[in-house]
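The values are calculated or read from the model by the stated rules, or taken from the named source; none is laboratory data. Just so we're clear, the structure is a prediction, and the values are computed from it rather than from any experiment. All Cβ positions, even for glycine, are placed from backbone atoms using ideal geometry, and neighbour counts span all protein chains on display.
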Amino acid sequence: MVRARERIRVRAADDRGLSTIEVVILAPVVILFLLVVVAFGQLVDGRGAVDGAARDAARAGSIQKDRGIAMAEARKAAAADLADVCAGPVTVNKISDGFEPGGFFTVEVSCEIRGLGMLGLDIPTTLTGRSTSPLDPFRRAA
């Protein structure tokens, strides 16, 4: 009976400090995993922001009277939506042909998001969104 107690004490002494070693090894892995999850969350948030900016730019351009004003308003709308998301300039390109009543106004918005840079991952990530809005057939001509 005494020997059994001594064996238990010896085993307990051999395991001392083992949990500290486990924490030291696993903590960086868990932190890295959390950073990767946050990075992917930033990408998803950036994708939603760029798609929303494309929708707003298409709508802002489609209600204007002429092509020049339409592109200026589309650029303003996209820049306002992406002011806190993009690291550089916001690019807005008109994809659709013409600007006749009853047609469509399609724009493509792209920018480099800054979300990954705040995590220490300097990976340039350019996201692009495209949206279409119908031109009002009853709007006044310029």
Among the candidates Arg75, Arg55, Arg16, residue that is of a type in the set (Lys, Arg) and modelled with pLDDT under 80: Arg16
Any hit, region 117-128, residues being over 30 Å from Ile31 (Cβ atoms) and modelled with pLDDT under 95: yes
Neighbours by Cβ (under 6 Å, 6+ apart or cross-chain): first from region 23-35, closer than 18 Å to Asp122 by Cα and of a type in the set (A, V, I, L, M, F, W, C); second surrounded by 10 or more Cβ atoms within 10 Å (Cβ to Cβ) and modelled with pLDDT under 90: Leu35/Leu119
Test: residue in region 29-47 that is under 23 Å from Arg75 (Cα atoms), in contact with a strand residue (DSSP E or B) (Cβ under 9 Å, 6 or more places away or on another chain) and among the polar types (S, T, N, Q): no
Residue in region 70-83 that is crowded, with 18+ Cβ neighbours inside 10 Å, of a type outside the set (Ser, Thr, Tyr) and farther than 18 Å from Arg130 by Cβ present: no
